[in-house]
Amino acid sequence: MPAVHHKLLLEDALQDSPQTRSLLSVFEEDAGMLTDYTNQLLQSMQRVFGAQSEMGLATEQLSRQLLEYEKKNFALGRGDEEVINTLQKFAKTVGELNSLHSELANQMADSMVFPLIQFREKDLTEISTLKEIFGIATDEHEAAMVKYSRLPKKKENEKLKADLVKEVAYTRRKQHQASLQYYCALNALQYRKRVAMLEPMLGYTQAQISFFKKGIELVSKKMDNFLTSVSKMTQSIQAQLDTEAEGMRMAQRELLSVEDNVYMPDKDTEPVNRTLIQKAGYLNIRNKTGLVTTAWDRLYFFTQGGNLMCQPRGAVAGGMVLDLDNSSVMAVDCEDRRYCFQITSPSGKTSMILQAESKKEYEEWICTVNNISRQIYLTDNPEAVAIRLNQSAIQAVTPITSFEKRQEGSPNPDRAKPGGIHGASSSTQKTESAPEPEDLIAPGTPIQFDIMLPASEFQDQNRAGGRRTNPFGETDDDCSIESDDSLLQQVFAVRFQGSMAVRCGNNQEVIYEAMRQVLAARAIHNIFRTTESHLMVTSSSLRLIDPQTQVTRISFQLGEVCQFAAHQENGRLMGFVVEGRDWSDGNEEGEPSFSAFIFESNTEGEKICYTITLAKDIAEAKKDPEALAELMKNMPLTNDGKFLLLEPEMGDTTNGAGHEDLESEA
């Protein structure tokens with residue numbers, strides 16, 4: 001007899017996932033169909049037992065009913081072929097023996113009707129009772145989880161928290177025990193139903209043989225082997241049931257012997273896995289129920305490719321909730337709940353707030369969505385890529401000995417052309433020992449990721465054209481308003497990445513270290529949005545202009561720019577260091593202070609560095625008219641002599657910059 005191929009896994013009882021619930025519904029449907037069929041079969045047998053005068057009609061109906069088993073198409077009926085064939089043979093035998101049935105009431109009551117009644121009253125009733133207990137335990141666990149989810153994040157009442165944790169653990173354990181018993185009963189039913197279908201007919205046939213000695217001799221010669229095989233089949237099924245029942249009892253004891261922290265939320269002992277590209281589990285989702293009212297629903301979420309899916313309980317499959325490609329995820333405070341995070345679509349029009357059950361789940365969900373948003377899952381080895389990116393993010397904020405060590409093996413180490421006021425030679429820089437990162441930037445220095453223009457400054461600039469004060473304490477008291485007769489004006493489309501205070505301004509390494517720390521901080525804190533601006537390089541200043549309002553966000557005198565360089569590998573990155581004064585110590589002259597500004601350009605950063613170098617040359621040549629004339633003579637001009645010809649930008653231009661953005665005004 002083939003073994004049962006379908007059964008509920010006891011290991012999945014604790015997780016109680018929608019997949020397990022979906023499989024459970026199949027078992028429940030099968031049990032319901034079996035109950036209906038058992039009642040119908042029992043009615044047929046009782047009619048045979050009580051209607052001696054209509055024995056012929058009753059046995060004929062029984063024969064037909066036996067054939068109905070094949071037509072039921074049980075969802076878990078795989079492996080029932082031998083049972084179906086056996087029942088078909090029984091139906092044929094009943095048709096041949098229907099004329100010989102009489103006065104078999106006592107034997108039929110003991111060997112045919114009673115086993116089926118016992119199966120219905122004991123086994124099927126047990127299934128119904130366990131289903132009710134499991135439903136009650138599930139409702140109690142859901143109620144406990146609702147109370148626990150409402151536990152406030154601030155000013156926690158430790159006694160209330162402990163009581164809720166105990167209540168959740170108690171209800172979860174109770175649900176676990178109920179589900180294990182229910183699953184075991186449903187699994188055992190797959191064996192018992194086969195015995196229950198075969199045993200009554202075996203007793204019925206044996207009663208017929210014993211009663212009709214003469215007539216049965218002819219029939220029994222044909223059926224001895226058949227009945228023997230049926231008896232062995234039922235014994236084999238019973239042995240399989242006993243083995244399976246013992247295995248389920250041992251598995252149940254083992255699963256229930258775990259520590260109590262398995263049932264307690266927020267008691268995770270395993271470390272957070274930050275390299276996941278797939279995640280599944282229950283989350284609370286915040287839904288609006290009115291203009292100002294909200295409700296939280298606990299649903300099962302999982303990721304599939306680049307999509308976030310949601311599958312309600314009882315559903316056969318999940319549906320897509322949000323496309324995670326290029327989306328953003330961040331932790332949020334919401335309704336005084338813990339472990340909340342928000343996922344926002346790339347357009348910003350769609351967002352959803354979710355709540356995790358524990359801190360570990362909370363961090364893993366954020367890391368998983370972040371990994372998927374980078375489309376790591378599309379690579380050949382997404383797990384390795386996720387691990388490598390996670391290690392790179394950790395190394396990015398870990399101090400290293402020098403920038404030169406990071407550039408070992410670079411295919412083009414001379415790509416950047418940094419510049420400075422003093423113009424230190426490359427040979428001198430190579431011979432000098434590389435400074436430590438702590439010597440360049442103080443540990444823990446804050447990073448500013450955007451240059452915000454307050455409304456008051458906007459009005460002041462529109463009235464007086466003044467420039468914005470540097471966020472690191474620099475002032476514009478000694479700076480004159482940019483004149484319109486500058487010998488050089490070049491505009492570049494750039495995106496501000498960040499700025500931070502640095503310790504020196506005479507070393508190109510400080511720019512590379514600032515680039516590393518700014519980009520690493522953006523990656524770790526999931527800051528991907530940048531604002532596009534126009535960087536205007538003139539022969540007297542650097543100005544960052546808002547392309548929409550043409551308002552100067554911030555400007556620096558060219559003399560304040562003491563160092564500038566492009567990234568050695570990512571040619572679109574460039575930065576410069578600005579020198580200012582710090583009067584916080586009461587010194588009249590002020591102590592020198594330095595700030596690094598990092599930008600990403602639509603064109604090569606070397607072009608911006610070249611333009612700044614040209615501006616410094618012009619500014620220096622202004623002091624000597626003859627030197628200025630010689631400098632202008634050596635520069636390529638347009639036919640009208642009005643513009644300096646620079647290498648055209650290949651990036652996009654906006655707000656009508658047009659052809660003048662590609663040339664310098666002379």
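The values are calculated or read from the model by the stated rules, or taken from the named source; none is laboratory data. Please read all numbers here as calculations on a predicted model, not as lab measurements. Cβ atoms come from the backbone with ideal geometry, glycine included; neighbour counts cover every protein chain shown. Note: areas computed on protein heavy atoms with side chains; ligands, DNA, RNA excluded. Shrake-Rupley method; radii C 1.70, N 1.55, O 1.52, S 1.80 Å.
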Length added when fully stretched, L160-Q43, from 0.36 nm per residue minus Cα-Cα: 36.5 nm
Relative packing of peptides 227-237, 165-175, 605-615 - highest average C-beta neighbours within 10 Å first: 605-615, 165-175, 227-237
Gyration tensor verdict on segment 270-343 (Cα atoms; rounded if a/c is under 1.5, prolate if a/b is larger than b/c, oblate otherwise): oblate
Gap separating the Cα centres of segment 552-566 and segment 117-174, nearest whole Å: 65 Å
Listed residue pairs exceeding 21 Å between alpha carbons, taken from K147/K349; K174/K267; K153/K359; K71/K131; K154/K359: K147/K349; K71/K131
Exposure ranking of E604, E244, E121 by accessible area [1.4 Å probe, largest first]: E121, E604, E244
Efficiency of FRET between S345 and K71 - r from beta-carbon atoms, R0 51 angstrom, step 0.05: 0.50
Highest to lowest packing among 270-283, 503-516, scored as the average C-beta count within 10 Å: 503-516, 270-283
Distant alpha-carbon pairs in segment 536-596 (separation over 13 angstrom), percent: 71 percent
Simple spin-label estimate for R581 and S25 in nanometres, 7 Å along Cα-Cβ: 7.7 nm
Whether segment 562-623 is rounded, prolate or oblate, judged on the alpha carbon gyration tensor where a/c under 1.5 counts as rounded: oblate
Cα-based Rg and Dmax for segment 489-634, where Dmax is the largest Cα-Cα distance (Å): 16.2, 53
Ordering of 251-262, 8-19 by burial proxy (mean other Cβ atoms within 10 Å per residue, highest first): 8-19, 251-262
Rounded percent of accessible protein surface that carbon and sulfur make up, segment 489-634, 1.4 Å probe: 46 percent
Segment 13-219: translational diffusion in µm²/s, Stokes-Einstein, Kirkwood Rh over Cα pairs, 25 °C, 0.890 mPa s: 123 µm²/s
Per-pair calculated FRET efficiency, R0 = 35 Å: L256 and E82 via Cβ, rounded to 0.05: 0.45
Within-14-Å neighbourhood charge of R47 [Cβ basis; K, R +1; D, E -1]: -1
